[in-house]
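Since the structure comes first, as structure tokens, the remarks are kept for the end.
Only the coordinates and a few stated rules stand behind these numbers; no lab work does. On a predicted model such as this, the values are computed, not experimentally measured, just so you know. Note: ideal-geometry Cβ built from the backbone for every residue, glycine included; neighbour counts use all protein chains shown.
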Amino acid sequence: MAIIHINKENFEKEVINSDKPVLIDFWAPWCGPCKMMGPVFEELSNEMTDLKFVKINTQDEPELAAQFQIQGIPTLSLIKANKEVDRFSGFAPKPMLKQKIEAMMKNI
Amino acid sequence: MVEKIYDAIIVGAGPAGYTAAIYTTRYNMSTLVLGEEFGGQMNIDYEIENYPGFKKIKANELMQKIHDHTLSLGAEIEADIITEIKHDNIFTLTGMTGKQYKAKTLILALGTKRRKLGIPGEEKFAGRGVSYCATCDSNFFKDKTVAVIGGGDSAFASAFILMQHAKKVYIIHRRDEFRAKPVVVDSMKLNSNVEFVMNTNVKEILGEKNVTKIKTDNPNRQEIEVDGVFIDVGVIPNTELMKKAGIHLDKSSYIQINSKQETNIAGIYAAGDITTGSAGIKQLIIAAAEGAIAANSAFTNTRECNHKLEGGDCND
């Protein structure tokens, strides 16, 4: 599934009003571990279709990053009904990341 | 389906692994690079100023060039974490994805990982004030107060990045002198927003949702209020897997090698930060050089082995 890039304009529509739980990847272009996360996140978006996968570039959207109190990237934040369920910071290889996300989904 | 048997599998996708792959592919060896983190240590480095040909280059930019170079030569690159190495007459690796990979020779280049402090609050506040990557996260601490824990070059590199954003940077070190180069320490002293706190161990990281302070064992500085804690207390080699496979390690768990980058097991080579080689100097250019030597040794080995006979044991 195509990953949606979130900005202030589409945040409400794509995140707040989403029917599915949303997994946000907070990233920035200067961040090496975020670059590693990119392709893994994309692959998982095709495998874990119960979730909506979106990305927020913290450099372009500092207000959204501040709203979520992001202090480290990459951070994956799981949102359900406009509430943060759980988050995970740092890069993890695909098999490990999948396990982490599945564990987070249990808290929905 | 006939399983592919690679001439060389390189485990680890940092400068050592990529350079090994550049050499093996140029020797016409079929090559697979298995990486957990593409780029390795370089992903969290900032700028490189000692790699010939580049007076100053961003670490991730140089890594991208090395990655592209490796791919252009026909090496295959795959993301997996190897959980087992088996040695029959060829090597069989099992990955966390459940996949198996087979090769005539192995080059181990898994590098090192960041040492953690192992104190209360460290894990809880990861991404909420605790960071291991100043390059990634310094931007979130504009006009805030941060502590860098450590006393080596890497800690000072982090402090250098942070002082450009934060209003105050503490460098907290457990000894009474720094391991970092004197020239770096002296230049940092000149900055009014940097303060050294010596002979001090951080015992706990505290906060509510995010970090608010740290507790130390220094009676004069029992608590320091900070918004961020950047941990730079050295590295440990990624060698748990090698121990299980019977590869000889030194007492600090680095892989023991000879001048050809050979380990104690025939057909297995090691290169880069993970080895005891090159006087233990952990530098990009040295990792690359060890990768080249390992590839050359692997090439010589496979050539002899192919020569010996068709279908025989390569690593007798």
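For this structure, a couple of remarks:
- Across all Cα pairs in region B:32-153, the calculated P(r) in 5 Å bins from zero up to the longest distance comes to 2, 8, 13, 16, 16, 15, 12, 10, 5, 2, 1, 0 percent per bin.
- Here region B:194-316 is described by how far its Cα atoms reach on the three principal axes: 71, 27, 26 Å, from widest to narrowest.
- Residues considered: A:24, A:70, A:56. Largest GNM mean-square fluctuation over chain A, using C-alpha springs under 10 Å, is found at A:70.
- Region B:223-289 - Rg (one decimal) and Dmax (whole number), Cα, Å: 15.7, 54
- Value in Å of the Kirkwood radius, where chain B supplies the Cα pairs that are averaged: 21.0 Å
- Remark on region B:130-231: hydrodynamic radius 13.3 angstrom, per the Kirkwood mean of 1/r across alpha carbon pairs.
- Size descriptors for region A:16-108, from the alpha-carbon set: Rg then Dmax equal 12.2, 32 Å.
- For chain B, adding -39500 (n - 2.57) for each run of n ≥ 4 DSSP H residues and dividing by the number of residues yields -7500 deg cm²/dmol at 222 nm.
- Mean projected area in nm² (Cα convex hull; one quarter of hull surface) for the protein assembly as shown: 22.2 nm²
- Selection of GluC sites (Glu not before Pro), region B:1-50, meeting DSSP coil and at most 15 other Cβ within 10 Å: B:3, B:49
- Contact order, relative form, for chain B: 21 percent (alpha carbon pairs under 8 Å, 6 or more residues apart, mean separation divided by residue count).
- Cα-only Debye scattering, region B:86-176: base-10 log of I(q)/I(0) at q = 0.14 Å⁻¹: -0.66
- Per residue of chain A, the DSSP helices (runs of n ≥ 4 H) give a summed -39500 (n - 2.57) that works out to -9500 deg cm²/dmol at 222 nm.
- Max mean-square fluctuation residue, GNM over chain B, Cα-Cα springs under 10 Å, options B:185, B:169, B:33: B:185
- Computed from the C-alpha gyration tensor, the three semi-axes of the ellipsoid equivalent to region B:31-73 are 20, 13, 7 Å, from longest to shortest.
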